[in-house]
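Below: one structure, written as structure tokens.
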Amino acid sequence: MMKRKVAVGLSLALISSFSLTAFAHSGADDKGKQIEKVEFSSMKAPNKIEDMIKTYTESKVKVTYKDGSVKEKPLNYNQLFLSKDKIVDNKGEKIPAGTPIDVNGDPIVDNSVPDKPSYFISDAPDSNSLIQIGNKTYMVSHYEYESQNNAGEEIEGLPASMTLTQLDRDEKTGKLTVNNSKKIDFANVNGLWTPCNGSTTEWGTHMGSEEYEPDARAFEQDKNSDSYKAVTNYANYYFKDQSKANPYYYGYIPEISISKEGQPSVEKHYSTGRFSHEMMQVLPDRKTAIFGDDGGNTMMFMYVADKKEDFSSGTLYAAKFDQKGTENGGSGDLKWIKLGHALDKEVETIINSGIKFSDIFETADQPTEGFTAVKTNASKNVEYLKVKPGMDTAAAFLESRRYGAILGATSEFNKMEGLTVNKDDKKAYMAISYQEKSMEKQEGSVQDDIQLPKRKSGVTYELNLGGHQKDKNGNFIFSKYVPSNMHGLVVGEDLAKADSLGNTANPNKVANPDNLSYSKDLNTLFIGEDSNMHTNNFVWAYNLETKKLSRILSVPVGAEATGLRAVDNVKDSRYLLSNYQHPGEDISEKEITAVDKKQLEEEMKKKIGIMETGGVGYIDGLPGEKAGK
């Protein structure tokens, strides 16, 4: 995603993702009807400056009911707030929604411009979850990172944050508005590192993420490394104490619960492994989960919890990809390798012991007997590693990708991003945002399991889920939802050269899929883009029966469409959450001739600002009725 890059009494859980797109109230004349089918019209891509700088939709939804009646409605985008809006109550003052807080709950200050200190404000709202507690509606929201400080410099190691916002809902229209908001305290888990996408569980909690885990080897061995700088900067910002810098604190799944009094609590699931968590998608058995692992040379992981709805202990697996074809994005079978079993508390105890990378692995500088050559996103270089005696559990859960590669798992996925699940058909969907580099054939590679044609604009894959599967050692995997194979479903199309609007991928197809969300009642897969190949990024609706692809939302030029989540049937309303982040990024690098690029930049600065704030909102107009089955 990032380009640079004890719920009580829950009656209803609505989504996760920092993108709000709501399909709102159905209307009294439609109550009691059942949907036969839904069709979205596809809006045109923006080609005028006034449209390129805004978030909007011109799409319509045509609903055919079981009784034969037909109704067509326009969709509409509603913005709830900007990340710079002062809606958060914090120690007696109102602070911007996107401002991070330190271990004491105080806003973190940007001192980059002398004599002009101000609070940091993230321009990158991401995942949201809507959660109903009794008769109140809450939204958990991520703020992924801050692009730059007030001096215009790129920031390393700034702590991230989440907010809990109480929303009011109009019973007649379904419209959502902000009641109040507060920051979520992560002090009990040493803060929050780069929360990207997320998900909402069926039991009403929010599963967050920590993306781009810092490299513990570089942190230990090289004080000039990006990892060392980022982790020490983080400790200074968050703890005001550099001695608390520890890369093993970060790279996990935080679960957010909300009490019946509306108070949030945080638990990090250390036993789900440490890697670049784009997100975690819990499957229909409520104990199996799969993950996005963002970056290059990444890995597909699966976790099977010991108990339903409890991810504090379980077994972690990594996939071996057996390629079967290259057509339409490619296909392959998945075989699973057990990395280990652990409890959160067990892994946390290892972390708190002060363990370092060199305590876990022996290393060599060249091919050496007894050492395994691996290439993973952790370092991006070929490494020669051997696990030290008694360190398998530490390796499995603190260095999951490196350990998985030693055991033979495929570490060649690239930009593995969003996930969603289709319960009835036992399918999952996975976004590979940029299918290139480690996913292409690589001469002299240490592994080269994946050898697919380059498709920079990416592919959305369909994964088949099933039971009765065994791991590499012949032991049964205790899950009925193990991914067994994958194949391309929605593919992008690269262009040989940029068009007049600066697009380097076909603007009428999905480019660089990121956020995914499935609606059962609409039989629709929603796809949000994180593309530098489309000048404006879009949200798409893909009908799984008719295969029709419709553009339903455009976000500001240079912005990424984030936080996508379809929420079905919430008190006669339907919501599709969808945000945008870092608007205006890289405008100057686009080859735009259709409009005056300088004027486009000026209008962006005037109306929104360049990478100053992100937006949280939703689309309404979708039918609230149930599908007829």
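Structure data summary
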{"read-out": "Residue match in the stretch 301-320 (condition: in a loop (DSSP other than H, G, I, E, B), closer than 27 Å to ILE108 by Cα and acidic (Asp, Glu))", "value": "no"}
{"read-out": "Segments classed as strands (runs of 3 or more DSSP E), wholly inside the stretch 187-288, with at least 3 members that are hydrophobic (A, V, I, L, M, F, W, C)", "value": "253-258, 277-282"}
{"read-out": "Condition check for LYS94: assigned to a strand (DSSP E or B), open to solvent by 40 Å² or more (accessible area, probe 1.4 Å), farther than 17 Å from ARG551 by Cβ and at pLDDT below 95", "value": "no"}
{"read-out": "Within the stretch 337-366, considering residues that are acidic (Asp, Glu) and outside any strand (DSSP E or B), the one least open to solvent (accessible area, probe 1.4 Å)", "value": "ASP344"}
{"read-out": "Residue list for the stretch 577-615, restricted to those being in contact with an Asp or Glu (Cβ under 9 Å, 6 or more places away or on another chain) and of a type in the set (A, V, I, L, M, F, W, C)", "value": "ILE587, ALA594, ILE610, MET611"}
{"read-out": "Within the stretch 275-333, tally of residues that are touching a His at 6+ places or on another chain (Cβ under 6 Å), crowded, with 24+ Cβ neighbours inside 10 Å and among the hydroxyl-bearing types (Ser, Thr, Tyr)", "value": "0"}
{"read-out": "Residue ID - nearest to the chain's Cα centre (by Cα), chosen from residues in the stretch 504-532 that are surrounded by 24 or more Cβ atoms within 10 Å (Cβ to Cβ) and assigned to a loop (DSSP other than H, G, I, E, B)", "value": "ASP530"}
{"read-out": "Yes/no for GLY296 being in a loop (DSSP other than H, G, I, E, B), under 20 Å from the mean Cα position of the chain (by Cα) and of a type outside the set (Lys, Arg)", "value": "yes"}
{"read-out": "Any pair with Cβ under 6 angstrom, 6 or more apart, that starts in the stretch 497-511 at a residue that is basic (Lys, Arg) and ends at one that is part of a loop (DSSP other than H, G, I, E, B)", "value": "LYS509/GLY492; LYS509/GLU493"}
{"read-out": "Index of the failed condition, TYR77 passing every other in (1) under 30 Å from VAL61 (Cβ atoms); (2) open to solvent by 40 Å² or more (accessible area, probe 1.4 Å); (3) aromatic (Phe, Trp, Tyr)", "value": "(2)"}
{"read-out": "When residues of the stretch 170-186 are limited to those that are of a type in the set (D, E, K, R) and not in a strand (DSSP E or B), the one surrounded by the most Cβ atoms within 10 Å (Cβ to Cβ)", "value": "ASP185"}
{"read-out": "Number of the condition not met by LEU419 [criteria: (1) open to solvent by 30 Å² or more (accessible area, probe 1.4 Å); (2) modelled with pLDDT of 95 or more; (3) under 30 Å from SER313 (Cβ atoms)]", "value": "(1)"}
{"read-out": "Answer from ALA405, ALA396, ALA431 - the residue that is under 30 Å from ARG565 (Cβ atoms), of a type in the set (Gly, Ala, Ser) and surrounded by 24 or more Cβ atoms within 10 Å (Cβ to Cβ)", "value": "ALA431"}
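The values are calculated or read from the model by the stated rules, or taken from the named source; none is laboratory data. Bear in mind that the values here come from a model prediction, so they are computed numbers and not experimental data. Please note: Cβ atoms are built from the backbone with ideal geometry, for glycine as well, and neighbour counts cover all protein chains shown. Note: accessible area is taken over every heavy atom of the protein model, side chains too, but ligands, DNA and RNA are not part of it. Shrake-Rupley method; radii C 1.70, N 1.55, O 1.52, S 1.80 Å.
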